[in-house]
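Okay, structure first, notes after.
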There are 2 protein chains.
Amino acid sequence: MVAKESTTDVLIIGAGPAGLMTATWLARAGIPFRIIDKRSAKIFAGQADGLECRTLEVFRSFGIDGPWNESNHMQEVCFWEPDGKGGLFRSARIPDTVKGISRFQQCVLHQGRIESFFLDKISSSSQGKAEVERGILPLSIDIDEKLAASDSEDVYPVTVVLKNLDEEEAQPDQYGGKIANGLFRQFQGDQDKYYSSEGNSAANTEILRAKYVVGCDGAHSWVRKQLGIEMEGESTDYVWGVLDAVPLTNFPDIRHRCAIHSAEHGSIMVIPREHGVVRFYIQLQETPRDPDSKTESEKEAGAEATTKGRVDRSRITPEFILGAAQKIFEPYTIDVRDIRWYTAYQIGQRVSPSWHKNNRVFIAGDACHTHSPKAGQGMNTSMMDTYNLGWKLAWVCKGLADPKILETYEDERRQNAYDLINFDHKLSRLFSGKPHLPGQDDDGVSLEEFRKVFEKGKAFASGCIIDYNPSCLEIKPAEFGKKDEFGDLKYVNPLASKITIGTRFDSAQVLSQSEATPHHLADAMPSDGRFRIVYFAGDFKNNAALTEKMNVLGEYLSSESSFIRKYTPSGAKIDSLIEVLTVHASPRTSVEWFEFPQSLRPKDDCQREDYWKIFVDDDSHHNGHGHAYEKYGIDPSVGAFVVVRPDGYVATVAPLGKEGIEQIAKYFDGFVKVPTKPAEKVAEVDMYGLAEVSLPVLAL
Amino acid sequence: MVAKESTTDVLIIGAGPAGLMTATWLARAGIPFRIIDKRSAKIFAGQADGLECRTLEVFRSFGIDGPWNESNHMQEVCFWEPDGKGGLFRSARIPDTVKGISRFQQCVLHQGRIESFFLDKISSSSQGKAEVERGILPLSIDIDEKLAASDSEDVYPVTVVLKNLDEEEAQPDQYGGKIANGLFRQFQGDQDKYYSSEGNSAANTEILRAKYVVGCDGAHSWVRKQLGIEMEGESTDYVWGVLDAVPLTNFPDIRHRCAIHSAEHGSIMVIPREHGVVRFYIQLQETPRDPDSKTESEKEAGAEATTKGRVDRSRITPEFILGAAQKIFEPYTIDVRDIRWYTAYQIGQRVSPSWHKNNRVFIAGDACHTHSPKAGQGMNTSMMDTYNLGWKLAWVCKGLADPKILETYEDERRQNAYDLINFDHKLSRLFSGKPHLPGQDDDGVSLEEFRKVFEKGKAFASGCIIDYNPSCLEIKPAEFGKKDEFGDLKYVNPLASKITIGTRFDSAQVLSQSEATPHHLADAMPSDGRFRIVYFAGDFKNNAALTEKMNVLGEYLSSESSFIRKYTPSGAKIDSLIEVLTVHASPRTSVEWFEFPQSLRPKDDCQREDYWKIFVDDDSHHNGHGHAYEKYGIDPSVGAFVVVRPDGYVATVAPLGKEGIEQIAKYFDGFVKVPTKPAEKVAEVDMYGLAEVSLPVLAL
């Protein structure tokens, strides 16, 4: 018997949030892929729960609205501190999310539910063809270095041997009784269990050849180890417990996010969740330790027991964690019921120095960065890693772009990981440290500083201000660079004075010209793999120069020399890879539909006109005015082009007219390949018309 | 072999929108029911498509958000008229929905999709137990008059014999070729086909005994005929065609709703739909007639052909309808592709004089009223009929209310039907009539009047201003009656000067006191069968009298004499039938949670506190200020109680303090029964906590 052999474009190892985000991109773009997980079942409780603004924006861009609709939207953070008289008092309230930073706010929902929305989307985007394969373990991974260097999209340089686990092998281990918990995964990792399994045979193994592999297999990543990469960073002695339960308490702010410092017993963070549950992050001052794990200094001192050695996870119970919480909450009382999940973790900050090998095998998510969970960053950052990577893989697998765009993945995401652990390092020290109390002469941490760091970190934590480095995908001309208040170099083209090149294109409400319907501009730019040129045409009806520039653009786009024509395979719709969206600033009713050049409202092969590519920055009947030009800092008498990447990041800003068109052409010339074959014909599943975009756009 | 015999609380005959709405209510309230339809399949195209504001509010109250999310939201109506030079011009634009009348706007989505959302909801609300039984025909219906008069909830006075059709029998007939159309149903009705089927035997029949039967079986209602009720009204000679397709046109407003009057060729209404489709209502000036159907006057005159007789439906094709449209659109050109559905109809207005028999068998929807479809009223009114009836059936079936509340159904809904056909009569005459052109001396209709009637009808058409008559469910004291600008008597208690008693309780944004989360108040009042007492507590922190009144209420509610305690079966949660929601007007952060009496934030048997019953009219962090007190015309220094029915209609407004409490007690004393048995224990399917309300609330 010979092991089964097969190929796929991308193999995703691990079906947590990072892996599922990769799969969502590839399914949406119509790229063949496989996604495997060694565990037999998805998670149903616990794990991560925080969703940041940028993550919600990305979910919306895939049409995944469930997390926002079902989650608890946190509004306010209350700070509680010792009052010096044995009690606690509320020292401050602040909005949980920075006002105006996004159309979404930070919210919380348990990870299992979030994953289930991904699974639905992967299924619907692939017409039911793609699904997570569970109980599959990778045994080995090999890269053919010579093939790996090929620019061709048709080579499969990575070979992975997979093993089908039997039911017992695939069952995740856990400590404790009936209540779901994350202790096993947290402290030990469960690689040992899986890799100790025996009995590999041709019958239960498969040899899979892939163009690319993405390791999304968590903090104890097997893929990372195979690549020989070691995490760098440090860990601390601070141990925290986590408890998801319904509280019974006389503490008044239990349905607000709270940061509570007690005088003597440590700190708590309260995270009010969906369905009446509250997540508690509880500092564990006295943690049961494994007596055999004394530190060197303890051994030298001949200590009987250890207070710094390895945590004895089997003795961490919900009762133990609750007991610690009760001391911190004093004089308030707290009990819980409906315990959903619990765990404990030791705070540390680690980053992987390298995120890929040969730009063929990548790692992402917890495999690249670990830190404390209280700022709600782990799951979000992990998903944003592969949101960055997924579309690049799609373009390269389809032969649409030069593989060099894959090099931007590590460059763009690793910097963010370093920023994250620096932030976490600072915050967790201030949260876990004993507070300095007024009138006392100790070396405790300043709670005022804690609040300041917390407040300042909110913008970073939202995920909305991440700024990617210059590269072939990010054009940041030196003359536009300027240091901001924190000393960071930001690139802003004065044509769009409120848009930072390299950050995500923020949304504003505009109206469709044809229907007068209010839309968030971002909703016209879903994550379907396309680049967008947002053409801010200005108040062209009252400005002859702008009208002329519109004509120049219209003619260019319909000419044979247009770069969009050059890069779009013959037989494909003209907006398949690069879509032009118009946002003008003339009064809506002053303009008639047919005044716009045909190329801005293109017809398809069936002569059906696209009525949904032209927008106006004007007042709506029922939803107010979006003031988009003001928001982006664009002068309606000047206008601008804004080029937006498939992941929503601003690639470049250019002036209207010939000069700007040439700049944009040059940008795409930098990495897009001229197609060598015509588009594959995709069966039209629904003739319902133009607005139906459920087909993979990149499946040309 | 003996026919199967069975019982159910409610039998619903017909699974169109009216029937599905009934089923949704009963599933939500946990009432045993059956819903049958003689046709073998649900519809997939065509039929109705307009959704009015009030309907969308009701959908929201059931958690049915799909229609709003997927539909096309119409923004603007454009009026086009002959310019006197052989062309057309846009004479006016108006917002499609009256500004501020609802948080939703009129939108369009095809009926089959809407029905599928209902089917999902019925399934999820009944834990998968309830579903539409298709291919089932009622053969006979009998009411036991003596049993029917019983006040007991445990009698089954209606006997219906049902027949299981075989596949061929259950297949709906249609004219024409492959393209779906509604001609057969429209002109002939399909009762003949079904009732001509033979071979009834014990093997394929069932004898079903029900407490109540609801006939939702359409314009040619079999149930109505069994009750011996004849429709009253008139029909006209105006024939219109309907076409759903993707347009290819140079008409500039094709994605706006348009009312187009041509000089000579009749009128068109353009309804832009989802997925690029447009629905056209097209006046057919020359309709093919059945030559054998000459009118009496034609026969007398010895006419060779008929121009007024029966329409020959077999000769109405998409091409014929499109041809008529092309003439009206001149000088603009129009062609279509992707034809989804078509039909034709003859305008008439008819209402059933009686809507029930013995208050045991009811009819609803098209069985009670038919009219022209252009104002988007048919499907909406039908659903609102059974939205009115469903909860009343639930309360009576459970033995919670006196059966007399069922008498309010006909009284409340028939008046609305008369108003509707009067409106339709006026509008359709103005739309179908030849227009009077300026400078010409003819008797054509005034297009200015048409626009005025259209504009004025928008508020009525929204469904948001329906005002139910006084009854045991609607307390309208004479001293509060005042004629409005149209001469209609409206009842407004000055304590809530902008709330009309008898109309639906409009929503306003408020914040939850415990979480500071913005909520639409209506979202805190889902359609789950409960009455609500909305306690507008005023600015009680700055008003000792209001604080005192809060204490009085708190004590009353926790006392044994409370009417809520009296009417709630023992063992049931205290908010199972009548829920108290507090909306105060003190600054949110000036009040601490535990200052509110416990009875306003009740605990359940497990001591879990309800954090979601107390709201505040204050500014939010990210969503502005709802100004609820201002919207309802309630003085924050006075406050008020507003009692809201399970279907969201304002039942009464009462003053705070003892007097108001007594008024409200008297209201409920008027129809609620004192329970004679304890609540049935319902298994808790999810321990997740308090906010989970997926269990049927009335399933006590």
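Every read-out reported here was derived from the displayed coordinates using simple, explicitly stated rules and does not represent laboratory data. Here the structure is a predicted model, which means the values were calculated and not measured. Methodologically, a virtual Cβ is constructed for each residue, glycine included, from the backbone with ideal geometry; neighbour enumeration extends over all protein chains shown.
Across the identical copies, the label point of A:Lys327 (7 Å from Cα in the Cβ direction) is separated from its matches by 9.1 nm, in order from shortest.
Can you tell me how the protein assembly as shown classifies by the Cα gyration tensor, rounded, prolate or oblate, using a/c under 1.5 as the rounded cut? Judged from the Cα gyration tensor, the protein assembly as shown comes out oblate (a/c at least 1.5, b/c at or above a/b). Judged by the gyration tensor of its Cα atoms, with axes a ≥ b ≥ c, region B:557-601 is prolate; a/c meets the 1.5 cut and a/b is the larger of a/b and b/c. Measuring nothing but how far apart in sequence close Cα pairs (under 8 Å, 6+ apart) lie, relative to its length, region A:478-669 scores a relative contact order of 32 percent.
In loop segments of region B:384-424 as defined by DSSP, there are no GluC sites (Glu not before Pro) with at most 14 further C-beta atoms inside 10 Å of their C-beta.
Between region A:644-670 and region A:508-582, the C-alpha centres lie 12 angstrom from each other. Remark: label point of A:Arg565 defined 7 Å out from Cα along the Cα-Cβ vector; separations to the same position in other copies 8.4 nm, ascending. The magnitude of the dipole of chain B, with charges of +1 and -1 set on the Cβ of Lys/Arg and Asp/Glu and taken from the Cα centre, is near 260 debye.
For A:Lys404, the aspartates and glutamates whose Cα comes closer than 19 Å to its Cα, not counting residues fewer than 8 places off in the same chain, are A:Asp9, A:Asp144, A:Glu145, A:Asp151, A:Glu153, A:Asp154, A:Asp385, A:Glu412, A:Glu474, A:Asp647, A:Asp669.
Considering only trypsin sites (Lys or Arg not before Pro) in DSSP loops that have at most 10 other Cβ atoms within 10 Å, the longest stretch of chain B without any of them is B:179-680.
Quick check on the protein assembly as shown: helices-only [θ] at 222 nm, where DSSP H runs of length 4 and up contribute -39,500 (n - 2.57) each and the sum goes over total residues. Nearest 500, please. Here the helix-only value at 222 nm equals -7500 deg cm²/dmol. Share of pairwise Cα-Cα distances greater than 48 Å in chain A is 21 percent (whole percent).
Say a site is exposed when it is one of the chymotrypsin sites (Phe, Trp or Tyr not before Pro), sits in a DSSP loop, and has at most 15 other Cβ atoms within 10 Å; what is then the longest site-free stretch of chain A? Longest run free of exposed loop sites: A:45-485. Within chain B, antiparallel bridges make up roughly 70 percent of the DSSP beta bridges whose residues both belong there.
Listed by chain and number, the lysines whose C-alpha is less than 21 Å from the C-alpha of B:Lys299, apart from same-chain residues fewer than 8 away, are B:Lys308. For chain A, the relative contact order comes to 15 percent (Cα pairs under 8 Å, sequence separation of at least 6).
Distance between the modelled labels on A:Glu449 and B:Lys677, one decimal in nanometres: 6.9 nm (7 Å Cα→Cβ projection). Shortest first and in nm with one decimal, please list how far the B:Ser152 label point sits from its counterparts in the other copies (point 7 Å along Cα→Cβ). So the label point of B:Ser152 gives 8.6 nm to the other copies. The ratio of the alpha-carbon radius of gyration of region B:478-669 to the globular-protein estimate 2.2 N^0.38 Å is 0.99. Taking amide H positions as modeled 1.01 Å from N, with prolines and chain starts lacking one, the residues under 5 Å from A:Lys434 and 5 or more places away or on another chain are A:Val445. In loop segments of region A:456-520 as defined by DSSP, the GluC sites (Glu not before Pro) with at most 12 further C-beta atoms inside 10 Å of their C-beta are A:Glu485. Past 27 Å, Cα to Cα: identify those pairs from A:Lys374/B:Lys603; A:Lys163/A:Lys357; B:Lys490/B:Lys673; A:Lys573/A:Lys673; A:Lys42/A:Lys129; A:Lys549/A:Lys613, in the order given. As for pairs spanning more than 27 Å Cα to Cα, those are A:Lys374/B:Lys603; B:Lys490/B:Lys673.
3J(HN,Hα) along region B:235-243, derived from phi through the Karplus expression 6.51 cos²θ - 1.76 cosθ + 1.60 where θ = phi - 60°, amounts to 10, 10, 8, 5, 10, 10, x, 10, 9 Hz, with x in place of Gly and Pro. Among the GluC sites (Glu not before Pro) within region A:56-138, those in coil by DSSP and having at most 16 neighbouring Cβ atoms inside 10 Å are A:Glu131. Annotation for A:Asp154 and A:Asn542: the two label points, set 7 Å from Cα along the Cα-Cβ direction, are 5.7 nm apart. For region B:19-74, the equivalent ellipsoid built from the Cα gyration tensor has semi-axes of 22, 18, 8 Å, listed from largest to smallest.
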